[in-house]
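Asks: Below: one structure in structure tokens.
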Amino acid sequence: MKLHHRVACGLLLTIFSLSYVTGDEMTVYGRRGMVVTAHQLSSQVGMKVLMSGGNAVDAAVSMAAVLGVVEFEMSGPGGVGNMLIYWNQGPNPSVINLDFRDVIASKARMEMYDQKNKERGILASCVPGNVAGWHAALSRYGTISWEEALQPAIEYAENGFPISGREVSYIERNLETIQQYPNSAAVYLPGGQPPKPGEIFVQKDLAQTLRRIAQHGPDIFYKGELADEFVSFSNEHGGVFTKADFENYQVHWRQPVQTSYRDYQIVSASAPNFGPAIIETFNILEGFDLPSMEPNSADFIHSIAESLKVAADDGMRYIGDPRFVEMPLERLTSKNYAKNVRSRIHPQRASYHVGDSLADDSNNTTAISVVDSNGNMVSAIQTLISAMGSRVVFGNTGVLFNNNMRKVRSAGPNKLEPGKTFGTPSAPSMILHKNKPFMAIGGVGAANIWQAIAVVMARVMDGKMDLHEAIASPRFTIRYGYMAVKKGLARDDQFQYRELTVEPGLPEKIRTELKARGHELVEGYTGNVHAILIDPETGVMKGVGDPRIHARALAW
């Protein structure tokens, strides 16, 4: 199939004429295809792919590459990701999990790291996986060529795009660190200053890198000239990458974790992602009569929050790279285990939460949801770990590298072992209803990701909320992991507390009831969620991008 990027204007007119936007201006309806991402330009590219005959995987890969250009602070070729694919072809539709997380460099050693250099700088990066992941997905399921998938990203990097105030703000927040690295400053401080909102932001070096990847495939990134440049730059600046680190990189096709829940089947990405924690949460919730509760009531919130605590504790204790970490996943995701741990939850009293540290509570990820006309679905999440990652552009490649070494610990699932992938709160997920696709959902926001996804799922399945209301209503998540350590609530290895993050807008009456049960309420960030829901009766698709970040759903 040949995709022509130059047909943009005509296709966009068709997109907006065939999709219906509700009064809330965030919900979109369609019948033949739908995409949701955090940036309008990437969503437009996804719709062009679908309307030109491409499938959900074609669109997801094209949008993933574009997001690495137009939302450069969240992802890119130097980042990592995970993709859940529902393939609705043949007599037996299936769900598969493509894991393209990063891996620790072979020469990395714990004594090299302090709190600062594992957060940012040349030592903060792991070998990235996005390029390999995009290519693996397209090779197995795509219909467009690799060059066609990357062409929109190349054009936005080469010719530029009007940069938003959001992207500018991330450059300004990291100005001091960016100025320390000339290669980074050359990209993000054109003329020596951050760009202004609305300026055309050009990334010529990144365009050339993407063009070379498009022409030569991922081998140039992991085994060829680009890998040589990454390693050379790393060595010149005190890094630890070797050529073998890149040559040995592999993606992993995994079976997702899943469970039945009332009339639904919940499917999520397996370890090292926190999908098992989502499965455990719903196995626990199945024993509570959530459908009888008001979806924003104290009872509803308390039941979910306490279930999240149990799942978070288990996740922090066990979830990691399955090649290195022994994990009792079968037990943790079983109905019997959920029945046993459910007894720890008191209906009127908040429990203390115990666990190990992992991640912060910032908005530092990007999510993709796609459904095509054949019912194929994709939910993908990719990231640089922190916003702007390591803050280091490697050489003259234009590639901003991740800072996943910030997760390294001296013990537990995330202890340092060369070649290892860290456990991550990422959890692209799906819901099936009577074995048919019902929802593709993803989220952003570090430790909030899997929790926000679970809350929205519960609101739809049990609270019978409209999808927009389920996403836009004031949300809540538990505070755990690195966010608790950073705020002085815990030691680096273990902690106990009862904090519950809530958003403004939660009624005072509900707050009072939650406090009476012992919850310590703190207003704060609870992540962002994008989702597509398919009506089981009509087949009509409904897409919602989280209004907290003005995400964009498009359909036809």
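The values are calculated or read from the model by the stated rules, or taken from the named source; none is laboratory data. Bear in mind the structure is a predicted one, so any value in this text is a computation, not a measurement. So basically every Cβ, Gly included, is an ideal-geometry build from the backbone, and we count neighbours across all protein chains shown.
Asks: For the structure I just gave you, tell me whether Ser184 is crowded, with 17+ Cβ neighbours inside 10 Å, touching a strand residue (DSSP E or B) at 6+ places or on another chain (Cβ under 6 Å) and in a helix (DSSP H, G or I).
Replies: Considered against the rule, which asks whether it is crowded, with 17+ Cβ neighbours inside 10 Å, touching a strand residue (DSSP E or B) at 6+ places or on another chain (Cβ under 6 Å) and in a helix (DSSP H, G or I), Ser184 comes out as yes.
Asks: Follow-up. Regarding segment 454-474, can at least one residue be identified that is polar (S, T, N, Q) and within 19 Å of Glu280 (Cα to Cα)? Can you show your working first?
Replies: The initial filter retains those residues of segment 454-474 that are polar (S, T, N, Q), namely 473.
Narrowing further to those that are within 19 Å of Glu280 (Cα to Cα): none.
Checked segment 454-474: no residue is polar (S, T, N, Q) and within 19 Å of Glu280 (Cα to Cα).
Asks: Determine, yes or no, whether Val267 is among the β-branched types (Val, Ile, Thr), within 20 Å of Val103 (Cα to Cα), in contact (Cβ under 8 Å) with a residue 40 or more places away in the chain and in the same structural domain as Ala458 (by TED's automatic domain parsing). Steps first, please.
Replies: Working: among the β-branched types (Val, Ile, Thr): yes; within 20 Å of Val103 (Cα to Cα): no; in contact (Cβ under 8 Å) with a residue 40 or more places away in the chain: yes; in the same structural domain as Ala458 (by TED's automatic domain parsing): yes.
Considered against the rule, which asks whether it is among the β-branched types (Val, Ile, Thr), within 20 Å of Val103 (Cα to Cα), in contact (Cβ under 8 Å) with a residue 40 or more places away in the chain and in the same structural domain as Ala458 (by TED's automatic domain parsing), Val267 comes out as no.
Asks: Okay, next question. Can Phe324 be described as more than 17 Å from Val456 (Cα to Cα), of a type outside the set (Asp, Glu) and either in a loop (DSSP other than H, G, I, E, B) or in contact with a Leu (Cβ under 6 Å, 6 or more places away or on another chain) (or both)? Break it down stepwise before answering.
Replies: Numbers: more than 17 Å from Val456 (Cα to Cα): yes; of a type outside the set (Asp, Glu): yes; either in a loop (DSSP other than H, G, I, E, B) or in contact with a Leu (Cβ under 6 Å, 6 or more places away or on another chain) (or both): yes.
Against the criterion (more than 17 Å from Val456 (Cα to Cα), of a type outside the set (Asp, Glu) and either in a loop (DSSP other than H, G, I, E, B) or in contact with a Leu (Cβ under 6 Å, 6 or more places away or on another chain) (or both)), Phe324 qualifies.
Asks: Select from segment 241-263 the residues that are within 25 Å of Ala531 (Cα to Cα) and over 23 Å from the mean Cα position of the chain (by Cα) and write down the one among them that is surrounded by the most Cβ atoms within 10 Å (Cβ to Cβ).
Replies: Filtering segment 241-263 for residues that are within 25 Å of Ala531 (Cα to Cα) and over 23 Å from the mean Cα position of the chain (by Cα), the one surrounded by the most Cβ atoms within 10 Å (Cβ to Cβ) comes out as Tyr261.
Asks: Among the residues that make up segment 275-285, is at least one of them within 23 Å of Trp134 (Cβ to Cβ) and outside the structural domain of Thr209 (by TED's automatic domain parsing)?
Replies: yes
Asks: If a residue must be farther than 30 Å from Asp205 by Cα, at pLDDT 95 or above, among the small types (Gly, Ala, Ser) and in a strand (DSSP E or B), how many such residues does segment 344-384 contain?
Replies: Count: 0.
Asks: Here is a further query. Sort through Asn336, Asn283 and tell me the only one that's assigned to a helix (DSSP H, G or I), of a type in the set (S, T, N, Q) and surrounded by fewer than 23 Cβ atoms within 10 Å (Cβ to Cβ).
Replies: Selected residue: Asn336, the only one of Asn336, Asn283 that is assigned to a helix (DSSP H, G or I), of a type in the set (S, T, N, Q) and surrounded by fewer than 23 Cβ atoms within 10 Å (Cβ to Cβ).
Asks: Now, a different point. For segment 215-245, name all the residues that are in a loop (DSSP other than H, G, I, E, B) and either on the phi < 0 side of the Ramachandran plot or at pLDDT below 95 (or both).
Replies: Across segment 215-245, the qualifying residues are Pro218, Lys223, Gly224, His237, Gly239, Val240, Phe241, Thr242.
Asks: Separate question: Only one of (1) in a loop (DSSP other than H, G, I, E, B); (2) modelled with pLDDT of 95 or more; (3) farther than 25 Å from Ile301 by Cβ is not met by Thr424, so which one is it?
Replies: Evaluating Thr424 over (1) in a loop (DSSP other than H, G, I, E, B); (2) modelled with pLDDT of 95 or more; (3) farther than 25 Å from Ile301 by Cβ leaves (2) as the failure.
Asks: Hey, any hits in segment 169-177 for a residue that's touching a Gly at 6+ places or on another chain (Cβ under 7 Å), buried (at least 20 other Cβ atoms within 10 Å of the Cβ), among the aliphatic types (A, V, I, L, M) and assigned by TED's automatic domain parsing to the domain that holds Met74? Talk me through it step by step, then tell me what you get.
Replies: Going through segment 169-177, the residues touching a Gly at 6+ places or on another chain (Cβ under 7 Å) turn out to be none.
Within segment 169-177, none of the residues are touching a Gly at 6+ places or on another chain (Cβ under 7 Å), buried (at least 20 other Cβ atoms within 10 Å of the Cβ), among the aliphatic types (A, V, I, L, M) and assigned by TED's automatic domain parsing to the domain that holds Met74.
Asks: Now for a separate question. Given the condition farther than 24 Å from Gly239 by Cα, out of contact with any Ser or Thr (no Cβ under 7 Å at 6 or more places or on another chain) and free of Cβ contacts under 8 Å to residues at least 12 places away in the same chain, answer yes or no: does some residue in segment 194-210 qualify?
Replies: no
Asks: Ok, one more. Go through segment 385-414 and give me each residue that's modelled with pLDDT of 95 or more and either of a type in the set (Phe, Trp, Tyr) or in a strand (DSSP E or B) (or both).
Replies: Val393, Phe394, Val399, Leu400, Phe401
Asks: Looking only at residues in segment 307-321 that are of a type outside the set (A, V, I, L, M) and assigned to a helix (DSSP H, G or I), which one is nearest to Thr424 (Cα to Cα)? Outline the logic, then answer.
Replies: Filtering segment 307-321 for residues of a type outside the set (A, V, I, L, M) gives 307, 309, 313-315, 317-318, 320-321.
Subset that is assigned to a helix (DSSP H, G or I): 307, 309, 313-315, 317-318.
Details: Ser307: 19, Lys309: 16, Asp313: 14, Asp314: 13, Gly315: 9, Arg317: 12, Tyr318: 11 Å.
By that ranking, first place goes to Gly315.
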